[in-house]
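The values are calculated or read from the model by the stated rules, or taken from the named source; none is laboratory data. Since this is a predicted model, take the numbers as computed values, not measurements. Ideal geometry is used to build each Cβ from the backbone, glycine not excepted, and the neighbour counts take in all protein chains shown. Remember, those area values only see protein heavy atoms, side chains included, never the ligands or the DNA or RNA. Shrake-Rupley method; radii C 1.70, N 1.55, O 1.52, S 1.80 Å.
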Amino acid sequence: MRRHAGDIMKIAGISGSPRKNENSEQLINTALDIAEDRNFEVDRIFLSEQTIAPCTACYACESAKRCAIEDDMTQIYPRLESADAILVASPVYFGCVTAQLKALFDRTLLLRKQGMLLSNKIGGAITVAGSRNGGQEKTVQAIHDWMHIHGMIVVGDNSHFGGIVYAPAESDIVGMQTVTDTIGKICDLLEMIKR
Ligand SMILES: Cc1cc2nc3c(=O)[nH]c(=O)nc-3n(C[C@H](O)[C@H](O)[C@H](O)COP(=O)(O)O)c2cc1C
């Protein structure tokens, strides 16, 4: 992470839900509002607004350092690369992340092949599910796995693993606290790095 004195640090928030204005997007908005109040620049990447095809394993990313698929990932790559931290929120689908988010994860193989471009960025995860114990922690783990494979610095909520929410999010007071604590931890760490 190359920084210059006075630079404003940026936090990108990804919602992996195909649904607009539902729990995952609300949670990213809540978290990024807190980050904005703490003077961070924020970038909202909502997969409900993006079309991302799955990786086809053509390995153009290895041979030509480019992705052969031309879709919305093209404008997401620089947004991820320019972020200092990435907060990822996903609904739990069958105990894991959504297919939309997994497609994004797999397509970021390009950023590894271009020179570990996400390395040392701060990462945090939020998951929301329809059942109280519906696979939130397993899904957080899947998000953390993606971050570790990119060499990111992974944080939780300063107590456990990150934001763990039982939908509807606004009714889950305990879960909302884990979301607030996760973005708080990301902001704290960025401020420490900046000093
Ligand atoms: C295909 C599919 C699979 C799901 N699998 C689970 C699951 O394994 N566990 C669970 O608790 N909820 C499951 N749900 C419910 C969603 O996690 C829940 O509705 C969540 O709030 C959706 O997030 P969103 O509001 O951000 O879209 C599933 C929903 C769908 C559509």
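Give me the percent of accessible area attributable to carbon and sulfur for the chain, probe 1.4 angstrom.
That share works out to 50 percent.
Expressed as a rounded percentage, what relative contact order does the chain have, with Cα pairs under 8 Å and six or more residues apart?
Relative contact order comes out at 23 percent.
Please state the charge dipole magnitude for the chain, taken about the Cα centre, from unit charges on C-beta atoms (+1 on K and R, -1 on D and E), reported in debye and rounded to the nearest 20.
That gives a dipole near 600 debye.
Which of 143, 171, 110 sits farthest toward the positive end of the charge dipole of the stretch 10-194, with +1 on the Cβ of Lys and Arg and -1 on the Cβ of Asp and Glu?
Value: 110.
Treat every Asp and Glu Cβ in the stretch 25-101 as -1 and every Lys and Arg Cβ as +1, leave all other atoms uncharged, and give the resulting dipole magnitude about the Cα centre to the nearest 20 debye.
Approximately 280 debye in magnitude.
Counting each DSSP H run of 4 or more residues in the chain as -39500 (n - 2.57), what helix-only mean residue ellipticity at 222 nm follows after dividing by all residues, to the nearest 500 deg cm²/dmol?
Only helices count here, giving -12000 deg cm²/dmol.
Strictly over 22 Å apart at the Cα level, which of 20/121; 121/194; 113/185; 10/138; 10/185 would you flag in this model?
Flagged as over cut-off: 20/121; 113/185; 10/138.
Kirkwood Rh, the stretch 10-194, all Cα pairs: how many Å?
About 16.2 Å, per the Kirkwood formula over Cα pairs.
Distance between the C-alpha centers of the stretch 44-98 and the stretch 108-186? Whole Å please.
Distance between centres, Cα-based: 16 Å.
So with the 1.4 Å probe, I'd like the accessible area per residue for the chain, rounded to whole Å².
48
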